[in-house]
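In what follows, a single structure is set out as structure tokens and then discussed.
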Amino acid sequence: AVESAKGKYAHMLFNELFEDYSNALRPVEDTDKVLNVTLQITLSQIKDMDERNQILSAYLWIRQSWYDAYLRWDKDKYDGLDSIRIPSNLVWRPDIVLYNKADDDFSEPVNTNVVLRYDGKITWDAPAITKSSCVVDVSYFPFDSQQCNLTFGSWTYNGNQVDLINSLDSGDLSDFVEDVEWEIHGMPAVKNVITYGCCSEPYPDVTFTLILKRKSSFYIFNLLLPCILISFLAPLGFYLPADSGEKVSLGVTVLLALTVFQLMVAEIMPPSENVPLIGKYYIATMTMITASTALTIIIMNLHHCGSEAKPVPQWAKVVILDYMSKIFFVYDVGENCTSPKREKEEECRLEGDDGCQRKHKEVRSPLSTRNDDCNLKEKLNGNWNKSYGVHGENVRETVNCCSCYKMLIKNIEYIANCVRDHKANRAKGIEWKKVAKVMDRFFMWIFFIMVFFMSVLIIGKAA
């Protein structure tokens, strides 16, 4: 019975209120009086942040409240009925719009019900999915913070007709659904009164600044960490043996891999002059890999210097072969970490002292052996002639024999000179190979230090 009584009074109240009511005019008794509209924004969810097009999509609850001078009643006359809920299109509504809207759809707000109180206060809660323009600064991507403004104001009424009042000093974040990519660090609200050049009247607006901090874990594991691991492969190209034929291929492969990651970042970021931090890291790494590939080509040319090349300069022998080779622990080409002297001592120790001395005694020059044989022949022939008085024919045979030995000695000397020249040319090539190996080790450590400091620098930016 009570509910039916209230329903009866509600119908009676509705008919009486809207009998002569018009929602086309501003509901004030005096046209010179300002109508105050209280605005409150509740952020429910961030639907999308399009960095490339610089558009923020958000799900908001917009609450507006004002007093209508023509929608009042005495609640005692209507059985204590203090409020009713009616469609919003029946009452006058302020034309509060989002100034920086970036949506193609200019549809009307959602026609939700309004709450009408007996003192004329109207409260209108309407959900809205807004797309607003946001200036995105990607200089420190993926460790960046963004500030996106949501500016609300009346489209046709000036400040002398409709004035906006902040309900709170900031947007309401109590019902915010946590986003997987962004953290909310606040939503302060500021009222601005702007006088445009076209009009002398002031136009108030309320600007809500949404402070966002990007969660960078996704980009660290999918864009940054693979780049760091790939960049550490570039210095290892110097450690790869020159005879393998894969030094240049490794540098080119690493460069192509980084180019793919660079294109992925370029598709996400807006085409602005501000290069993101991760893009700078990619460019620096690609420049370093390009330089390492060029140096690898130069070093391979040094490695493949043959016998026709010039000897290693004296300063290079002193600086590179004597000092730098010891600093970077570079041994002769083909050597192990054990020195050759130590290996010879080990062989002598294993074979015994007698065997080692016998080897050194057996290693004699064939030229000196032939000379001793010829002298021995001459001595024997001389003694034979003195003792037995050999005839002239025997003497000529002996001379012919010595001339044969001399010709043989000349041939052996020629062969020995050829072998000596071959060894000298081979030693020249070995020296150039050792120079190339020392330079490989030198640039390997230089590029390792560069990659390390570049990685520490970008991680420091993140902190």
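The values are calculated or read from the model by the stated rules, or taken from the named source; none is laboratory data. Bear in mind that the values here come from a model prediction, so they are computed numbers and not experimental data. With ideal geometry, Cβ positions are generated from the backbone for all residues, glycine too; neighbour counts draw on all protein chains shown. Side chains included, ligands, DNA and RNA excluded: accessible areas come from the protein's heavy atoms. Shrake-Rupley method; radii C 1.70, N 1.55, O 1.52, S 1.80 Å.
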- Query: Listed residues 144, 68, 175; which is among the acidic types (Asp, Glu) and closer than 30 Å to residue 225 by Cα?
  - Reply: 144
- Task: Kindly indicate the residue of region 42-85 that is of a type in the set (Asp, Glu) and open to solvent by 70 Å² or more (accessible area, probe 1.4 Å) and also nearest to residue 172 (Cα to Cα) among those meeting that condition.
- Result: 48
- Item | Filter pass, residue 310 being under 18 Å from the mean Cα position of the chain (by Cα), charged (D, E, K, R), more than 30 Å from residue 58 (Cα to Cα) and open to solvent by 20 Å² or more (accessible area, probe 1.4 Å) | no
- Residue satisfying condition, being in the same structural domain as residue 201 (by the TED database), without any contact (Cβ under 8 Å) to a residue 60 or more places away in the chain and out of contact with any Ser or Thr (no Cβ under 6 Å at 6 or more places or on another chain), within set 159, 80: 80
- Task: Take the residues in region 10-41 that are open to solvent by 20 Å² or more (accessible area, probe 1.4 Å), among the β-branched types (Val, Ile, Thr) and in a loop (DSSP other than H, G, I, E, B), then tell me which one is nearest to residue 132 (Cα to Cα).
- Result: 34
- What residue, among those in region 417-452 that are modelled with pLDDT of 85 or more and open to solvent by 60 Å² or more (accessible area, probe 1.4 Å), is nearest to residue 311 (Cα to Cα)? 442
- In the set 284, 266, which member is open to solvent by 30 Å² or more (accessible area, probe 1.4 Å), touching a Gly at 6+ places or on another chain (Cβ under 9 Å) and under 20 Å from residue 223 (Cα atoms)? 266
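Might you check whether a residue that is more than 22 Å from residue 60 (Cα to Cα), at pLDDT below 90, of a type in the set (A, V, I, L, M, F, W, C) and surrounded by fewer than 19 Cβ atoms within 10 Å (Cβ to Cβ) occurs anywhere in region 124-143?
Checked against the condition, which is being more than 22 Å from residue 60 (Cα to Cα), at pLDDT below 90, of a type in the set (A, V, I, L, M, F, W, C) and surrounded by fewer than 19 Cβ atoms within 10 Å (Cβ to Cβ), region 124-143 yields no hits at all.
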